Structure formats: structure tokens, C-alpha cells
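So the structure is just underneath, and the comments pick up after that.
The values are calculated or read from the model by the stated rules, or taken from the named source; none is laboratory data. The shown structure was predicted, so the numbers you read here are calculated from the model rather than taken from an experiment. Counting neighbours? That spans all protein chains shown, and the Cβs are built from the backbone with ideal geometry, glycine included. With ligands, DNA and RNA removed, areas are computed over all heavy atoms of the protein, side chains included. Shrake-Rupley method; radii C 1.70, N 1.55, O 1.52, S 1.80 Å.
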Amino acid sequence: MDNPIITLTTDFGYKDPFVGIMKGIILDINPAAKIVDITHGISPQNISEAALTLEMSFKTFSHNTIHLVVVDPGVGSARRPILAITEDYFFIGPDNGVFSRVFPLSERLLVLHITASHYFLKKDGSTFQGRDIFAPIAAWLSKGIEITNFGDPITDFKKLSIPSPQLTGTNVIDGEVIYIDRFGNTMTNIHTEKISEMTGSNSENKIKVLIKGKEIPFKTYYSQVKDTGLYALINSFGYLEFFIRNGNAARTHGIKVGEKVGVMLP
Amino acid sequence: MDNPIITLTTDFGYKDPFVGIMKGIILDINPAAKIVDITHGISPQNISEAALTLEMSFKTFSHNTIHLVVVDPGVGSARRPILAITEDYFFIGPDNGVFSRVFPLSERLLVLHITASHYFLKKDGSTFQGRDIFAPIAAWLSKGIEITNFGDPITDFKKLSIPSPQLTGTNVIDGEVIYIDRFGNTMTNIHTEKISEMTGSNSENKIKVLIKGKEIPFKTYYSQVKDTGLYALINSFGYLEFFIRNGNAARTHGIKVGEKVGVMLP
Amino acid sequence: MDNPIITLTTDFGYKDPFVGIMKGIILDINPAAKIVDITHGISPQNISEAALTLEMSFKTFSHNTIHLVVVDPGVGSARRPILAITEDYFFIGPDNGVFSRVFPLSERLLVLHITASHYFLKKDGSTFQGRDIFAPIAAWLSKGIEITNFGDPITDFKKLSIPSPQLTGTNVIDGEVIYIDRFGNTMTNIHTEKISEMTGSNSENKIKVLIKGKEIPFKTYYSQVKDTGLYALINSFGYLEFFIRNGNAARTHGIKVGEKVGVMLP
């Protein structure tokens, strides 16, 4: 591969040397690899959050990018390390459902159980496979090793149950908050396409948005709002989001992941 | 450009994938771009802090570096995206005053309103222009596209009001705290050159420094101090700063940005 | 050097522009340098933590990597800047003991007092030598300048007192907690080799592990545990560690660095 990009998404945080160690391994095997951090701020062991983070970001990267995810509460157990190839990307990580949001977005998908242990680092521990398995596999893959050399195809890879919005009666979409960003903006699982397909396009202004039992006004961008109230908009990923202008909606209104939200259609 | 460097300064933090997404966009357009994070830890929507951060860092980068800043509370509104060129650098970001501290430090300055939307990403949202406008513009610029292709010159770009120290009477400089760093060191807007021009050079030992109504002893470096008291020095950017050795001056003494300070000249 | 890697380990955090500034300096001197962050999350002024972080990570990097460490409470004082070369790596940083854990792991070691000030940046301050001394020295070294040009050999470089486990009586190893990671896992200074040399290999299952006066069960990997109790294992660096599965052992049990632990041999 020319200019191979390897992205990293982990829950390793920014305090410990774990991410730096993985980068050392990768660059030792393939000095030409270009490593890009998506984030290391995934909440510890939060597979759902990692899955969503990857959904938000994977498509912005170049063809043939290798997306490496290490959010791995089952590290060392019998859960399998997997490698996937789609029409555009490679994915490497634990078989714990972390790719559940991106695999369905691909037209072609081949998933392998990584078993070629001669590519692994020789280390005793079974607690840091980001270093011992995933980083070296990503590096060798970026050097052009054929993916079939890393293991055998599987079809029973793990799928997370993704909360999808539900139509209740004829005119209500029930959804929930699925992500809260640094700014306290609370993203829901209700996509603008879902609203459009039920109401016709460009109808956001006609719908009513509900959270915590209150009807929330609908806007297009943050600074349209002049006060400190709670508002809704369609965010940059196409999802319904609640926000406070220059404030923290999640903290101010005690909104958490899982909070129920509703959209009333006209 | 050879070895084009693009620096990133944002308030996106380290939890969300927003920075990684911008890097994906940039590298997709220009795989040769070298991206350097200045920081993503700017306080949310804090334009002044971003302006100061850029002032502290921009000159350490190579000639032709592209400095991209995304601290953008007005995203999606009519505030303009701008691109500036000086004798040494390029600057890209929102027209909200974030470049108010660096533009005056340049001898030559041309500011353009970015209007060439065929370089933008095709996305619906108006809430993440770091991805949709600024990252692609920086990437295309780094590939050598002439800057005049991106928009038309403007002169009415926004300027922040920067708090400057004032001479009160004949022998007092009134200033204020403008930045608090990770260590709790509190940097003021009183520059050593300001003190020198009023007192003659090398006279820091003769001045008195005041904060919270107390006179604070003056030192040259942190570990000169052997106790846990509050002290002052001229910091590595030339500004008067208050510190506690191996401690957090801001937290211990409740010092915030905006706190008034004084220097009494001999 | 081809593909010179410079790693950075600092206590500068992720809020301020200090790390970005150092990268700007390095790339201005050597655009071919590849900079890798090990971490910037070392606790402020915590030399011991930096020393341990470096021990955990340095060997995963390629031959000839330059490891640059800036955790430097004595910055500006008479403490010396040093440069070291071993059979595999270069090390640059303050002479404050930060390399005390890695120097003894090398077979060959030459330490120089950096005195070649013509390589330094010309700056007044004596509070940010990461920018003014260490970054430029690392960059010039990465360009192939002979190390003997940077200063003269010394042998009296500072050594930290490293807490080593003690054998008490004939069957107890007394150790202590030396590191707590992002997940709250508490790493001790008792290495599996220490246990093995006293008991014969593969005997972890026969030993008893003690902390806070309680005997703690021994496991191999985290998800072996099905409850929320405190457990021990040998971690990925070979050290005895206490953990709670999907929980934070340090916070839950109030374990801090320095907490005494014991291993009872059979």
C-alpha cells in the first residue's frame, strides 16, 4: 500500500503510555505507516460508544485505511481477534460487537478470525493485546501482507443490539440519547432521514421534539439561539441533537445516554 | 509546497472523534500533509484563549505553515470563514477575532473571505465546519492551490478587544491575568518589554509586583523558591506570571482569568 | 538517520500549547523527524511516574529512536540537561533521575552533559527548556549530528531511589504499589520474575497475594472474574497488579501509589 493510514480508537486515555507503545510497535514493523488518532477518550470498556465513534468517523478516511479499535473488556479470554475487509476499508479489533455500526454500512464484507500467531509479539501477558496482537497485525497488513494469511473467514462475529427509533401510533417516533459530546450536546438515534421518510423532506420545522416531558424548539445552527434554553437541531452527522448555546445541555438538564426522546410528526 | 505543515488548534477536546475526522479529510485530499496538534484543549467556545494559544505558538513553526483554528461558537451563522496570508504563515478559521493577537504581529497581511464552496465537503449540517469547510480548505491550500482561488480580500475582519496593561500615575502598571496553564501558573498581560521600556532593562529585581492586595517576591526560575508561597517571574513567553513551586497558584489562591495585577516601578 | 523517531514524554498535559510548540521547533530543524507522543499526562513534576512510563514503553520503539522526556521541576536551575546513548536508543532530558529505570536496563551507556549552547534556541526565559534546549537538541541529533558535539561525558548523573521488593523471612515478598493506570488498575513493583526465582516458574497459582490486610485471589486475565471483587494478576509488563473487572480498583479500595503489598510464597 502507498501511504497506508492506520487509525486508532481506544479507551486507553491520555495518561498512560499504552497508545505510545502501540505506535512504537507499528512503526517498528512499518516505518511508512501513517498513524492517526481518532480518539483515545472512549469511556473505559464502553463498546457501544466506540462503535458509534467509529460510525461517525470511518468514512472520512481514504480508501484502504486500516481502522484499528481497541476497546476490549474481554481481553485475554476466548473472544476472538478479528480482521475485516469491506469495499473501502480494513477493520481490526476484538470480536465484541465494536464494529456493529459500520459493518452493515458496507456492501461487501469479509470477516476473519485472526489466528496467525507468528505475527504476534512474543509476550507473556494476556491483558494488553493492543500491543501484542492488534498493533502488529495492523502494521503487517499495512505492509501489504494478504489478509487471507491472517486467519480464516467467520460469519458468526458478534453483533451489538443497536437501539433503533420506533414509530408509535402513526405520528410519533420514539428514540433515545446515544451520545453526549464534549460540549454537552446530546445526540439521539433519530436520523433526519428517518424523519424525512415519514414526513417528506425539509419538514423539520413542522415537527415537535420532546425530551423530559417538554416540547423543545427546533433550530438549524447553534448561534441562532440567543438565550440559555434547551433547543434541538439536526447535527453534523444527521442525527437529532439537543443543545444549549455556549452551554452544556447534558449537565444542565441531567440528560444521560439512554434518555428517551420523541418526535411528533404533523 | 514541500513538507506542508498544518497545525490544529481547537476546542474539540480529546473525547470525541471530531479532530480525527478533520485529519481524515485533510489526509484524503493531501496525503503529504503533516498535521501537528497545537492543542484541542481550548475551553469550549473560548475565542480569547484560542487567540492567546496561537500567539504563544505560531512563530515556532516553519515558514509556510498553515495554522488552522476551529473555536467557533458562531458556526453555521453568517460569520465568515477566512483565510489569511502573512510574510511567513497561512491562517484559516472563523472570522470571530481568533486571530486578533497574531495578525498585528505580521508585517504583511492579506485576509480573504473564503467563498469557493466547490472546495467544501458536501454535507448538510451547518454545525461542523471544521470538517466541511476548514479542513478541506487547509488541505487544498497545502497542495499548492493559489490563495486567490479561495475567495476575495476583506479588510473588515473581526478584531477582539485585547486587554492591554495601563500606566496609572507615573509608576504603576495595571494589568490582569490572561491565562492559567496546566500547572496553575497564572500568566498576566504585562510583558517584560513593557516593564523595561518604563524602567530601563534588567530592572525586574527593583520592581514590586502586586496581586490580591499583596506584594509578591520576584524570581527568575521556579526551583529558586524553597517554600510553598506565591511568587512571580517572567515566563517563557516574556509575560509576568505568578506561581507556586511544585504547586498550583491559581487553585491555591483562587486566581482566575481577569484578576487584576499591578507592577510598581521604582 | 533514516526515519528518525523522536518520542515525547512530558507532564505538559493537553490543555496548553507547550507540546505543539516543541513539535514546531523539531520539525523546523528536521522536517523528516517522525514525532510520537508516549504521553503528556504525567502528573505535574512527577519524576518517578515519568521514569516508570519510560520503562514500560521505550523498548517497543525501533533501534535509534530518540526518547525525549521533559518532566523538569528544576528547570532553569543548575541541574544539567543530559543526552545518553545506549546500544539501542538515545535519551534526552533533565538530569533529575528520570532515566533511572531505563539506564540500568542497557548494556552500554554513555551519558553527556549537554553544553553546546549554539544548538539552543535563543530565548530569554529559563522556564521552558523543552522548547529552548531539549527539542532543538533532539532535532539536531535526529539530523545526524555526532553526539560528542553536544557535550562531555559525565558519570555522576542523578539516580532515583527505586523502591525494590524485599524478602522478609523466608517466604514473604514485601512490595508496594508504584503506578495506577487510567482504568484504576494498581501496578506493584513485584515482578513475576522475582516471584519465579523464589518459587520456581509457573507458580503464581500457589502464592498468596495480600493488600490492605486481605488475601486477594489470583487470576490470569480480567474477564475471568465474574463479580466486582478485588483480584490480582500479572499485568502486561510482568508486574503484579490489583484490579476490579470493569471497575476502578484504586478508587473503590482507596489504593494509592506507595500502598504496601505482600506476596506469601508456598
(message) Of all residues being in a loop (DSSP other than H, G, I, E, B) and under 16 Å from residue B:50 (Cβ atoms) in segment B:160-180, which is most open to solvent (accessible area, probe 1.4 Å)? Just the residue, please.
(response) B:161
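Could you please let me know if residue B:184 is at pLDDT 95 or above, surrounded by 15 or more Cβ atoms within 10 Å (Cβ to Cβ) and assigned by TED's automatic domain parsing to the domain that holds residue B:230?
So residue B:184 passes the test.
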(request) Can you run down the residue pairs with Cβ atoms below 8 Å, 6 or more apart or on separate chains, where the first is in segment A:164-176 and farther than 17 Å from residue A:211 by Cβ and among the small types (Gly, Ala, Ser) and the partner is open to solvent by less than 60 Å² (accessible area, probe 1.4 Å) and outside any loop (DSSP other than H, G, I, E, B)? (result) A:164/A:189
(message) Suppose we filter segment B:1-48 for residues that are part of a strand (DSSP E or B) and not acidic (Asp, Glu); how many remain?
(response) 11
(message) Just to be sure I understand the filter: pairs with C-beta atoms under 7 Å, separated by 6 or more residues or on different chains, first member in segment A:1-14 and among the polar types (S, T, N, Q), second member open to solvent by 20 Å² or more (accessible area, probe 1.4 Å). Which pairs pass?
(response) A:3/A:34; A:3/B:31
(request) At least 1 residues that are small (Gly, Ala, Ser) and within 24 Å of the chain's Cα centre (by Cα) in each: list the strands (runs of 3 or more DSSP E) lying fully within segment A:181-266 that qualify. (result) A:231-234, A:260-264
(request) Filter segment C:26-76 down to residues that are in contact with a helix residue (DSSP H, G or I) (Cβ under 8 Å, 6 or more places away or on another chain) and polar (S, T, N, Q), then give me how many there are. (result) 7
(request) Could you tell me which of the residues B:265, B:167, B:233 is touching a strand residue (DSSP E or B) at 6+ places or on another chain (Cβ under 9 Å) and farther than 27 Å from residue B:102 by Cβ? (result) B:265
(message) Being open to solvent by less than 10 Å² (accessible area, probe 1.4 Å), β-branched (Val, Ile, Thr) and either touching a residue at least 24 places away in the same chain (Cβ under 8 Å) or farther than 21 Å from residue B:18 by Cβ (or both) is the requirement here; does residue A:92 meet it?
(response) yes
(message) Given the criteria within 14 Å of chain B (Cβ to nearest Cβ) and open to solvent by 30 Å² or more (accessible area, probe 1.4 Å), does residue C:34 qualify?
(response) yes
(request) Mind listing just one residue for me: the one in segment B:37-59 that is open to solvent by 20 Å² or more (accessible area, probe 1.4 Å) and polar (S, T, N, Q) and, of those, nearest to the other protein chains (Cβ to nearest Cβ)? (result) B:45
(request) Mind listing whichever residues of segment A:219-266 are open to solvent by less than 20 Å² (accessible area, probe 1.4 Å), at the interface with another protein chain (Cβ under 8 Å from one of its Cβ atoms), in contact (Cβ under 8 Å) with a residue 40 or more places away in the chain and among the aliphatic types (A, V, I, L, M)? (result) none
